[in-house]
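Chemist: Before we start, here is the structure in question, set down as C-alpha cells.
Taken together, the values in this text are just the output of simple stated rules run on the coordinates, not laboratory data. All figures in this text were calculated on a predicted structure; none of them were measured in a lab. Note that we place each Cβ from the backbone using ideal geometry, even for glycine, and neighbour counts take in every protein chain shown.
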Amino acid sequence: MKNEYFYKNPKTLLNKGTGFLSGYTHSLNPYTGCTFGCSYCYVRQLPVSTFRKEAWGTWVDIKNQAADILRKELRRAKSKGKVTIFMSSSTDPYQPIEYKEEVTRSLLEVMLEDPPDFLLVQTRSPLVRRDADLLLRLEDRVRVSMTIETDREDIRKHFTPDAPPIQARFKTLQLLKEAGVPAQATIAPILPSSEHFADKLWPLVNRVCIDDYFMGDGSGGRRTRSLNIGALYESLGLEDWYHPTAYKMVYERFLHVFPEEQLHMSKEGFLP
C-alpha cells in the first residue's frame, strides 16, 4: 500500500505533559501519523487516527517550519521554569520520511541552541544513529529510548511487519554506546521473547524499561483490547503472553542478568 504524505502548518509543537507523560513538562511530535503502523499501537484509538479517512500507518503529516515554531515556544517555556521534553508520544521521530525531511534533526539543532533540562528520544528506528553528533552535544540532558519489544524476528514480523528489524536495533544500541550517547532499551509492549533476550542486551545498555499493554496504553489495556490484539496471540498459540502477569516472567529473566537498579517498570522507566 502506498503511503500518503501531507504538509501541514501547525501553530504549536510543544504539548503539555499529561497522564502517562505527566513526569515531563512537554511532549513533542515532529510528525503526525507513523508509517511503522504497529498492530498494537494505542494511537490507533486516539482522535488523531479515528478522525482520519486514511488507515493508520498509511499517512504522515509533515510539519512545516517546525524549527522556527519550536525556537519560539522553547524560549517561552524556559522563561517559566524547568523544561523536560518527551519526543515522541504518538509518532516515531525517526520513521522513514525523516531520511528526506529531517524535521527531527532540525528540532535537535534548535535544542542545542537553547537546551531543555532533559530530552527523551523515543524511537524504534536505526536512523537515530545519524544524529549521534547532535545528541552527544546535549550530554547528560538526553537519553535515547530504543524500543525492542522482543529479540525474536519472527515475532516482530507478525506484530510489526513494517518496523525496523530487531538486529538493526541491537546494532544501533551498540553504535550509540560506542559514540557515548546515553541510551536505554525499552521493552514496550512486551512481546514473546526468548530466554536469552537479557543476555543480548547486557553488553549494550545499563538501563532497561519494561512495559506492557496493561500498564502502558493509558487505559489499563482497554485501548489495546479494542484492537483485537488478543486474537493475534491466540492465532500464534501465545495467549499466555497476552496477560497482565506476563511481564513478571520477563522481569525475572532480566533480573538474572541485570542488577535491580538498572531495571525500571512502566511509567517510571520513561521519567527524566
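Chemist: May I ask you to give the average projected area over all directions of the convex hull of the Cα atoms of segment 4-270, in nm² rounded to one decimal?
Modeler: 13.3 nm²
Chemist: For segment 150-236, which GluC sites (Glu not before Pro) are both in a DSSP coil and crowded by at most 11 other Cβ atoms within 10 Å?
Modeler: Hits after loop and neighbour filter: GLU195.
Chemist: Compute the separation of the alpha-carbon centres of segment 73-101 and segment 5-50 and state it in Å as a whole number.
Modeler: Taking the Cα centre of each part, segment 73-101 and segment 5-50 sit 10 Å apart.
Chemist: Now, a different point. Relative contact order of the chain: what whole-number percent is it, with Cα pairs under 8 angstrom and at least 6 residues apart? Don't skip to the end; give the middle numbers.
Modeler: Values: 486 pairs, mean separation 46.7, N = 272.
This gives 17 percent for the chain.
Chemist: May I ask you to list the residues of segment 26-51 whose amide nitrogen lies under 14 Å from a point 7 Å from Cα along the Cα→beta-carbon direction of SER235?
Modeler: So the set is 39-40.
Chemist: Can you list the lysines whose alpha carbon is less than 29 Å from that of LYS16, not counting same-chain residues fewer than 8 positions off?
Modeler: LYS8, LYS53, LYS63, LYS72, LYS78, LYS80, LYS82, LYS100, LYS267
Chemist: Here's another thing I want to ask about it. Can you tell me how much longer the chain between ASN15 and PHE51 gets when fully stretched, taken as 0.36 nm per residue apart minus their C-alpha distance, in nm with one decimal?
Modeler: Fully extending the segment from ASN15 to PHE51 adds 11.0 nm.
Chemist: Now for a separate question. Quick one: the Cα spread of segment 135-252 along its three principal axes, in angstroms, biggest first?
Modeler: 44, 30, 28
Chemist: State, to one decimal in nm, how far the label point of MET249 lies from the label point of ASP68, with both points 7 Å from Cα in the Cβ direction.
Modeler: Using points 7 Å along Cα→Cβ, the separation is 5.4 nm.
Chemist: Quick one: helix 66-79 against the long Cα principal axis of the chain, what's the angle to the nearest 10°, folded into 0 to 90?
Modeler: The angle comes out near 90 degrees.
Chemist: In addition: Tell me, in nm to one decimal, what length is gained between ALA168 and GLU109 on full extension, where the rule is 0.36 nm per residue of separation less the Cα-Cα distance?
Modeler: 18.7 nm
Chemist: Mind checking the full-extension length gain between LYS2 and ASP199? Use 0.36 nm per residue of separation minus the Cα-Cα distance, one decimal, nm.
Modeler: Length gained, LYS2 through ASP199: 67.1 nm.
Chemist: Between SER90, SER39, SER22, which gets the highest mean-square fluctuation from a Gaussian network model of the chain, Cα cutoff 10 Å?
Modeler: Looking only at SER90, SER39, SER22, the largest GNM fluctuation is found for SER22.
Chemist: By how many degrees, 0 to 90 and rounded to 10, does the Cα axis of helix 246-255 deviate from the longest principal axis of the chain?
Modeler: 80 degrees
Chemist: Next question. Treat each spin label as a single point 7 Å out from the Cα along the C-beta direction, and report the ARG130 to ARG75 distance in nm.
Modeler: The two pseudo-label positions are separated by 2.8 nm.
Chemist: Could you tell me the convex hull volume per residue, in Å³, taken over the Cα atoms of segment 1-148? Can you show the working numbers first?
Modeler: Numbers: hull volume 17.3 nm³, N = 148.
Spread over its residues, the Cα hull of segment 1-148 gives 117 Å³ apiece.
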